[in-house]
Protein chains: 2
Amino acid sequence: MNLVTDPSEAHRGQLEPHGRVGLRFEPSGTAVRIPAGVTVFDAGSWNGIAIDSTCGGHGTCKKCRIRIADGASPATELDGQAYNEKELAVGWRLACRAQVQSDLVVEEPLLATRPKAATVGVGRQVILRPALQKRYLELDEPTLQDRRTDLERLRNAMEDLKLRVEVDLLRRLPRVLRESSFQVTAVVVDETLIAVEPGDTTESLHGLAFDLGTTTVVSTLLDLQTGTPVAVASKLNHQQPFGADVISRISAAVVDDEALTRLTALARQTLRELAEEVCAEADLDPREVYEVAVAGNVTMTQLALGIDPEPVGVAPFISATRAYPELPASELGLELHPRARATVFPSLGAYVGGDIVAGLLATGMTRDRRLRLFIDVGTNCEIALGSFEQIVCTAAPAGPAFEAAQIRCGMRAAFGAIESLRIRDDELELDVIGEGEPVGICGSGHVDVVAELVRVGLIDSSGRFAANDVAAKQFPRLASRLMTQESEERVFVLHESAATDHATDSVYLAQRDVRELQFGKASIATGWSLLAEELGIDAADIQQVLLAGSFSSFISPASAVRIGLVPPLPLPRIVAAGNVAGEGAKMALLSIQVRHAATAMLSEVDYVELSDRADFNDRFVEQLSFPELS
Amino acid sequence: MNLVTDPSEAHRGQLEPHGRVGLRFEPSGTAVRIPAGVTVFDAGSWNGIAIDSTCGGHGTCKKCRIRIADGASPATELDGQAYNEKELAVGWRLACRAQVQSDLVVEEPLLATRPKAATVGVGRQVILRPALQKRYLELDEPTLQDRRTDLERLRNAMEDLKLRVEVDLLRRLPRVLRESSFQVTAVVVDETLIAVEPGDTTESLHGLAFDLGTTTVVSTLLDLQTGTPVAVASKLNHQQPFGADVISRISAAVVDDEALTRLTALARQTLRELAEEVCAEADLDPREVYEVAVAGNVTMTQLALGIDPEPVGVAPFISATRAYPELPASELGLELHPRARATVFPSLGAYVGGDIVAGLLATGMTRDRRLRLFIDVGTNCEIALGSFEQIVCTAAPAGPAFEAAQIRCGMRAAFGAIESLRIRDDELELDVIGEGEPVGICGSGHVDVVAELVRVGLIDSSGRFAANDVAAKQFPRLASRLMTQESEERVFVLHESAATDHATDSVYLAQRDVRELQFGKASIATGWSLLAEELGIDAADIQQVLLAGSFSSFISPASAVRIGLVPPLPLPRIVAAGNVAGEGAKMALLSIQVRHAATAMLSEVDYVELSDRADFNDRFVEQLSFPELS
């Protein structure tokens, strides 16, 4: 995890930034400002003020007793059940029902419980309010005078929920109730009753978050009581043999009907194995996992669900749906609780998928005051720009520029990979992973090498290597590294193998590699510059650039600015956000409000289609150059 | 089917009997009175006034054009789409949106379609508004300018519905849309999109109704376009080997876990075979059946669904639930459309099940003005009493009195069964099924034989056979038929076998048989008399008695009165209602409103527990006697 936690941003993400009111807790004197309409219970949880509760703010336990010194809102029906008239008159209320509409002072409750909040995503504080909850119930046994059915008995004990029940649950319900003397734990996801377990099992409450990537799939087992990850595992997507990118996977499915079946089976196998791994690591029975959240791009999501992806791969690029129905986790091949539910992140466009929605959630893009630019760099690059007022997003086909596999001496970020370059006093300094002899260039190294050569002038702003005579004059010691290969392509040699029997093993940057990077960064820059136009803002006003995706964590902000991948901003504004898709998936398990925020993005975030624009090609050509040195 | 259709009752069942307004169609002059709030479209359909429509009154086809001469209600948004301002100003409206709130005159539309209503149940007229509907859609193909997802495209074409979609449907959606050039038929049950089929398949719209009885299961294949049954089949419930009644089936399941699995499998086998039979008879591909409705008693329902029935069989007699969730038909073992839905009738109590709710629907008990008594005679007898104002119901354990298998010379209603008896001028007249030599007494014959012997005095009001001397004096020719068997039990011989080699084959009524009938009818009479008390009414005020169940169709009203099974009412008020459970199941398929009425019964109908009542035994003993002859 590569999270940048900015403490000044904590709380801000979750809150609407306007319409705040003051709330002071006595006798401690703790004073906070919160959005109007938030309950005292939520405001307390949020700010680390301990308010007792066993139902998690559902109005059933009636333990969250507070007294509002002045200006209490009218008593609700539940307040009437918890207090007598005298108590109500002097301001006693249930904290989970008392909305703060104006400045208030409340008497701090005596009992203390752990403040239920967790920090996830990019400095986001999330109040723990999982869709998954357990309630321990001691039900009255039926008598001739009390002949409510088993289900009515359960429903009456959870009257704050409008429970949906599937017939499968009813099958063993009569027996479970009687074998446990009507002392059971109800397991609820959102408002679906998915299990009734004998005795009190409330101690174990787990969910699984998946970041379903084209290359790598990551699974995090979360303890939803505490909001903490219990185990994390990752592995390559088993679909790899069908191609490295989404287009090759779609093509495979199009050519051959069985390939679709196979791709779906492989995605599910990947998910299933990861679920087994994290459960084994945490020593948890997989049947105690009741919910999963999956964030992936549209193609990965459709393939995992078995939805024919063909129209995603050909113009006009249409996905089957933006929002997916909630479904049984078993439909994803997962072997967890037999009635475990799965929630799949919605997508904003065929190439702005659930991974990006998760990423926008994790970074608080739609809730933050600041004007921010979100870029997930990859073969398909997704870009979002805006603040809580308005967000626009788009997809830019960046091509293979950022895939080390596509550059001549490219390699993955492993021992021997050049990850950065510095040129000082006509000398080359290479940073090599593992510090041994360089054997190739990794993706972020490629960006860094080109950026440095641009900085010193060995590559000009049009992307061409300096002419030999110019180079010889300015870089007497480095000029010899500029060579012309037999194929007549010019290269810049970064490392010449010392061993004579490895004569061909020199590591170099080819002119073609530079061009690839130009195309990639031009596509991305065209994306964000057109989004800036769409919002009517100047790129210089952007207050933060978030580089998302595991690859982006390794790009140096200075290099990103120098090649024009991001706008020319002060470097502290450029931040690596890490695996935000996975963080978003975790947040969706931790907070049902966050989950609703994901759905809300479908209407809040505008998708801008770049290829429709008449000026796209002109803008793209403009962006091909590297920024002139200032 | 044994339906008594009372034309004067048509319409009345469906309607709330108060708050009516007048509606006249011009130029035909047809005038009707309808409940306020009904749409012109519904009122027209109902009364055989042809109003054009292809969407079935959903506001999408905009073909149901009418002009309201005076007093038109404000135009709705849909009216605004269908008409210009001038047209709206002179009263043009969509009939499906125009609610009649006061007396109105409307111009009869020119185009004519078949009035969509069907007569089912006991003289009930049901407007065809199935939960199952098909819509043929010609969708725009996606372009670079119109990149809505496949599902959005579908949803937008059916904006009047808030469609739920399961992930399974999405799997082939992209392909189906493209292979059919985006000309598809959407199949919707309630608000669940269950299929998208290539081309226009609206011609075929079928549902399956099941009357799931303990003994016999009946299946009716319905054409939901016309409301007519296409094929009917019945067969013995394959669970028979586990016992004839619900208690023996429950006991089997309790003793042995595998028996529950087996009973569930057998119920499903029965349903599946019946579905196959009716589809074969109608030459219909079972995959064209999209919905089923199942009405059964609580035990049969729970067993078919695989829900452990043990608590239903032991005090305090608790069922798992009153209302069942809608479920895939495949969960009932049915092999129909892979996403076909099943709706299972709710129950009012552990022994007043979905079959009775269906029966109350079919007889319009909760909608009828008249004070009516509903009795479903059987081992478990269900009784309901009331009118649209209030209904109470109860269950009375009648025992095996009405099961021919439990009387000495009992037999099922087949060739050779005595089905009725008349005594005139000291002569015995027997009605025998098939008119051959009598070989036994069927269930309804048992009632009839006892009633006739009571009428003439051969059985006294306490249920004893007349003393030999009394009989000899009054019935010189019949007295010899009163004999005492070797077991010292007195019997009345109905038929002496003529053949000497069949000496033991005489058909007789035993004293014990009379006692069984007394217990059974006393239980039932205690039931309705206590319900009458509950409502504060006199049994003499009951305007109609409905005898439900296939057996009751054969009971003579006169005999039912004579033994005290029903209150002493004028005979025309006593009506055999036939297989009302099956009728109710059909109605639930034909009309979503009727289906909602079934759910509404859970709050509208009060279940009265007889065994709680301190005076139950006293009342039972009072009812043991046969009514004194007046």
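Which residue pairs have Cβ atoms under 6 Å apart, sit 6 or more places apart or on different chains, and have a first residue in the range A:303-317 that is surrounded by 24 or more Cβ atoms within 10 Å (Cβ to Cβ) and a second that is small (Gly, Ala, Ser) and in a helix (DSSP H, G or I)?
Listed by first residue and then by second, the contacts come to A:LEU303/A:ALA267; A:ALA304/A:ALA267; A:PRO309/A:ALA253.
Return yes when B:VAL217 is crowded, with 23+ Cβ neighbours inside 10 Å, more than 30 Å from B:LEU263 (Cβ to Cβ) and in contact with a Phe, Trp or Tyr (Cβ under 8 Å, 6 or more places away or on another chain) and no when it is not. I'd like the intermediate steps shown before the answer.
Values: crowded, with 23+ Cβ neighbours inside 10 Å: yes; more than 30 Å from B:LEU263 (Cβ to Cβ): no; in contact with a Phe, Trp or Tyr (Cβ under 8 Å, 6 or more places away or on another chain): yes.
Against the criterion (crowded, with 23+ Cβ neighbours inside 10 Å, more than 30 Å from B:LEU263 (Cβ to Cβ) and in contact with a Phe, Trp or Tyr (Cβ under 8 Å, 6 or more places away or on another chain)), B:VAL217 does not qualify.
Do we find that A:LEU104 is more than 9 Å from chain B (Cβ to nearest Cβ), modelled with pLDDT under 95 and under 32 Å from the mean Cα position of the chain (by Cα) in this structure? Talk me through it step by step, then tell me what you get.
Numbers: more than 9 Å from chain B (Cβ to nearest Cβ): yes; modelled with pLDDT under 95: yes; under 32 Å from the mean Cα position of the chain (by Cα): no.
No: the conditions fail for A:LEU104.
Between B:GLU258, B:GLU291, B:GLU273, which is closer than 23 Å to B:VAL580 by Cα, surrounded by fewer than 18 Cβ atoms within 10 Å (Cβ to Cβ) and either more than 9 Å from chain A (Cβ to nearest Cβ) or over 24 Å from the mean Cα position of the chain (by Cα) (or both)?
Working: B:GLU258 fails: closer than 23 Å to B:VAL580 by Cα; B:GLU291 fails: surrounded by fewer than 18 Cβ atoms within 10 Å (Cβ to Cβ).
Of the residues listed, the single one that is closer than 23 Å to B:VAL580 by Cα, surrounded by fewer than 18 Cβ atoms within 10 Å (Cβ to Cβ) and either more than 9 Å from chain A (Cβ to nearest Cβ) or over 24 Å from the mean Cα position of the chain (by Cα) (or both) is B:GLU273.
Is there any pair with a first residue in the range B:138-157 that is facing chain A (nearest Cβ under 7 Å) and a second that is among the aromatic types (Phe, Trp, Tyr) whose Cβ atoms are under 8 Å apart and which are 6 or more apart or on different chains, and what are they?
What qualifies is B:ARG147/A:PHE317.
At least 2 residues that are touching a Ser or Thr at 6+ places or on another chain (Cβ under 6 Å) in each: list the strands (runs of 3 or more DSSP E) lying fully within the range B:179-285 that qualify.
Numbers: elements: B:183-189, B:192-198, B:206-212, B:216-223, B:228-236.
It comes to B:192-198, B:206-212, B:216-223, B:228-236.
Away from every other protein chain (no Cβ under 14 Å) and within 19 Å of A:TYR351 (Cβ to Cβ): does that describe A:PHE554?
Details: away from every other protein chain (no Cβ under 14 Å): yes; within 19 Å of A:TYR351 (Cβ to Cβ): no.
Judged against the criteria, A:PHE554 is not a match.
Would you please list the contacts, defined by Cβ atoms under 8 Å and residues six or more apart or on different chains, that run from a residue in the range A:583-599 that is under 17 Å from A:GLU326 (Cβ atoms) and in contact (Cβ under 8 Å) with a residue 60 or more places away in the chain to a residue that is outside any helix (DSSP H, G or I) and of a type in the set (Ser, Thr, Tyr)?
A:ALA585/A:THR220; A:ALA588/A:THR343; A:ARG595/A:THR343; A:ALA597/A:THR366
Residue by residue, here is whether (1) modelled with pLDDT of 75 or more; (2) basic (Lys, Arg); (3) farther than 30 Å from B:ALA350 by Cα holds:
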position	(1), (2), (3)
A:ASP52	no, no, yes
A:ALA75	yes, no, yes
A:GLY80	yes, no, yes
A:ARG97	yes, yes, yes
A:GLU108	no, no, yes
A:VAL122	no, no, yes
A:GLN133	yes, no, yes
A:GLU138	yes, no, no
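Restricting the search to the range B:338-372, which residues are of a type in the set (S, T, N, Q), under 30 Å from B:GLY399 (Cβ atoms) and either within 13 Å of chain A (Cβ to nearest Cβ) or assigned to a loop (DSSP other than H, G, I, E, B) (or both)?
Taking the range B:338-372 as the starting set, the residues that turn out to be of a type in the set (S, T, N, Q) are B:343, B:347, B:363, B:366.
Filter again for under 30 Å from B:GLY399 (Cβ atoms), leaving B:347, B:363, B:366.
Passing the criteria: B:SER347, B:THR366.
Just name the residue that is farthest from the other protein chains (Cβ to nearest Cβ) out of those in the range B:171-196 that are at pLDDT 95 or above and surrounded by fewer than 16 Cβ atoms within 10 Å (Cβ to Cβ).
B:GLN183
Is it the case that some residue within the range A:509-530 is without any contact (Cβ under 8 Å) to a residue 40 or more places away in the chain and either under 22 Å from A:LEU453 (Cα atoms) or not basic (Lys, Arg) (or both)? Give the steps one after another, and end with the answer.
Taking the range A:509-530 as the starting set, the residues that turn out to be without any contact (Cβ under 8 Å) to a residue 40 or more places away in the chain are none.
No, the range A:509-530 contains no residue that is without any contact (Cβ under 8 Å) to a residue 40 or more places away in the chain and either under 22 Å from A:LEU453 (Cα atoms) or not basic (Lys, Arg) (or both).
What is the residue count in the range B:301-337 for residues that are out of contact with any helix residue (DSSP H, G or I) (no Cβ under 7 Å at 6 or more places or on another chain) and more than 11 Å from chain A (Cβ to nearest Cβ)?
First, the residues of the range B:301-337 that are out of contact with any helix residue (DSSP H, G or I) (no Cβ under 7 Å at 6 or more places or on another chain): B:314-317, B:326, B:328-330.
With the extra rule that they be more than 11 Å from chain A (Cβ to nearest Cβ), the set shrinks to B:329-330.
Summing the residues that are out of contact with any helix residue (DSSP H, G or I) (no Cβ under 7 Å at 6 or more places or on another chain) and more than 11 Å from chain A (Cβ to nearest Cβ) in the range B:301-337 gives 2.
Just wondering, is there one or more residues in the range B:407-416 that are over 20 Å from B:ILE574 (Cα atoms) and in a helix (DSSP H, G or I)? Let's see the steps before the verdict.
Of the residues in the range B:407-416, the ones over 20 Å from B:ILE574 (Cα atoms) are B:407-416.
Next, from what is left, pick out any that are in a helix (DSSP H, G or I): none.
Looking through the range B:407-416, none of the residues is over 20 Å from B:ILE574 (Cα atoms) and in a helix (DSSP H, G or I).
Starting from the range A:197-208, keep only residues that are surrounded by 18 or more Cβ atoms within 10 Å (Cβ to Cβ), then list their pairs with residues that are assigned to a loop (DSSP other than H, G, I, E, B) and of a type in the set (A, V, I, L, M, F, W, C) whose Cβ atoms are within a distance under 6 Å, requiring at least 6 positions of separation or different chains.
Final answer for the pair search is A:LEU205/A:LEU224; A:GLY207/A:LEU224.
Return the only residue of B:SER559, B:SER523, B:SER552 being farther than 27 Å from B:ALA295 by Cα and among the polar types (S, T, N, Q).
On the way: B:SER523 fails: farther than 27 Å from B:ALA295 by Cα; B:SER552 fails: farther than 27 Å from B:ALA295 by Cα.
Result of the check over B:SER559, B:SER523, B:SER552: B:SER559.
Please determine whether any residue of the range A:384-394 is part of a strand (DSSP E or B), away from chain B (no Cβ under 14 Å), modelled with pLDDT of 95 or more and in contact with a Cys (Cβ under 6 Å, 6 or more places away or on another chain).
Yes: one or more hits.
Among the residues of the range B:540-574, what is the count of those that are within 15 Å of the chain's Cα centre (by Cα) and at pLDDT 90 or above? Spell out the reasoning first.
First, pick out the residues of the range B:540-574 that are within 15 Å of the chain's Cα centre (by Cα): B:546-553.
Pick out the ones that are also at pLDDT 90 or above and you get B:546-548.
Of the residues in the range B:540-574, 3 are within 15 Å of the chain's Cα centre (by Cα) and at pLDDT 90 or above.
Show the residue pairs that are 6+ apart or on different chains and have beta-carbon atoms under 8 Å apart, the first residue being within the range A:455-483 and farther than 30 Å from A:PRO557 by Cβ, the second being of a type in the set (Asp, Glu).
Taking only residues 6 or more apart or on different chains, the pairs are A:PRO476/A:ASP426.
The values are calculated or read from the model by the stated rules, or taken from the named source; none is laboratory data. Just so it is clear, the structure is predicted and the values come from calculations on it, not from any experiment. So basically every Cβ, Gly included, is an ideal-geometry build from the backbone, and we count neighbours across all protein chains shown.
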